[in-house]
Amino acid sequence: MTIRRLNHAVLYVRNAKVAADFYTGVLDFKVAAQMGDQAFFLVADGSDNDHDLGLFSVGDRPSAPPQSPGLYHLAWQVHTLEDLAELRVRLAEAGSLVGESDHGVSKSLYAKDPDGNEFEIMWAVPRAEWPSTPGTWRLDLDGSLARWPQLDTADQ
């Protein structure tokens with residue numbers, strides 16, 4: 001089991017529309033999806049990811065938790081669902097696992113490191129099977145393992 005690559009980053013920003021305008025205007029990212037003006041999902045030129053950068057508005061809150069501008073999480077991609085299942089056990093044993101989701105385009109685990117930095121470990125669903133509209137559902141890892149045994153999508 002190895003981490004394949006960094007898949008995406010998500011930032012808390014004061015104004016997601018302003019930030020999206022910056023990344024699209026200056027760095028030529030394209031908007032892949034958005035949720036009003038509160039969240040934007042951007043993709044870099046030539047990328048096969050569903051998004052490379054997520055931007056979530058937090059407004060003008062003071063720089064204190066729960067959500068101040070800054071990094072929300074990085075997402076590390078694994079090769080196979082078996083890798084994801086192995087990491088689920090290891091993260092749970094370490095007391096690090098804080099959540100899990102099926103995003104349609106990915107199967108994801110969420111965890112925190114010893115300093116409280118959140119990160120995502122994800123497996124990419126084959127592009128041909130991505131849903132037509134974004135969403136988040138309960139992760140059924142056993143069902144996914146039965147559907148895609150030993151399928152390595154890290155290079156897609």
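The values are calculated or read from the model by the stated rules, or taken from the named source; none is laboratory data. The structure displayed is predicted, hence computed values, not measured ones. Heads up, the Cβs are rebuilt from the backbone with ideal geometry, glycines too, and the neighbour counts pull from every protein chain shown.
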Could you tell me how many of the residues in the stretch 19-51 are touching a residue at least 12 places away in the same chain (Cβ under 8 Å) and closer than 20 Å to residue 107 by Cβ? 8
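From 95, 104, 46, grab the single residue that is surrounded by 15 or more Cβ atoms within 10 Å (Cβ to Cβ), assigned to a loop (DSSP other than H, G, I, E, B) and out of contact with any Asp or Glu (no Cβ under 7 Å at 6 or more places or on another chain).
Testing whether each residue is surrounded by 15 or more Cβ atoms within 10 Å (Cβ to Cβ), assigned to a loop (DSSP other than H, G, I, E, B) and out of contact with any Asp or Glu (no Cβ under 7 Å at 6 or more places or on another chain) leaves just 104.
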Residue among 123, 137, 130, 76 that alone is touching a residue at least 40 places away in the same chain (Cβ under 8 Å), closer than 22 Å to residue 36 by Cα and out of contact with any Pro (no Cβ under 9 Å at 6 or more places or on another chain): 130
Among residues of the stretch 114-136, those that are touching a Ser or Thr at 6+ places or on another chain (Cβ under 7 Å), of a type outside the set (Val, Ile, Thr) and either within 17 Å of residue 41 (Cα to Cα) or surrounded by fewer than 11 Cβ atoms within 10 Å (Cβ to Cβ) (or both), counted: 3
Flag for residue 74 being surrounded by 12 or more Cβ atoms within 10 Å (Cβ to Cβ), at pLDDT below 90 and in contact with a strand residue (DSSP E or B) (Cβ under 7 Å, 6 or more places away or on another chain): yes
Kindly provide the set of residues from the stretch 140-155 that are over 29 Å from residue 34 (Cβ atoms) and surrounded by 12 or more Cβ atoms within 10 Å (Cβ to Cβ), ordered by number. 145, 147, 151, 152
So, in the stretch 97-122, how many residues would count as being modelled with pLDDT under 90 and polar (S, T, N, Q)? 1
Is it the case that residue 144 is touching a strand residue (DSSP E or B) at 6+ places or on another chain (Cβ under 8 Å), part of a helix (DSSP H, G or I), of a type in the set (S, T, N, Q) and touching a residue at least 12 places away in the same chain (Cβ under 8 Å)? yes
Residue among 101, 144 that alone is over 13 Å from residue 76 (Cα atoms), more than 11 Å from the chain's Cα centre (by Cα) and among the hydroxyl-bearing types (Ser, Thr, Tyr): 144
Per the filter on the stretch 1-30, residues surrounded by 15 or more Cβ atoms within 10 Å (Cβ to Cβ) and part of a strand (DSSP E or B) are 4, 7, 8, 9, 10, 11, 12, 13
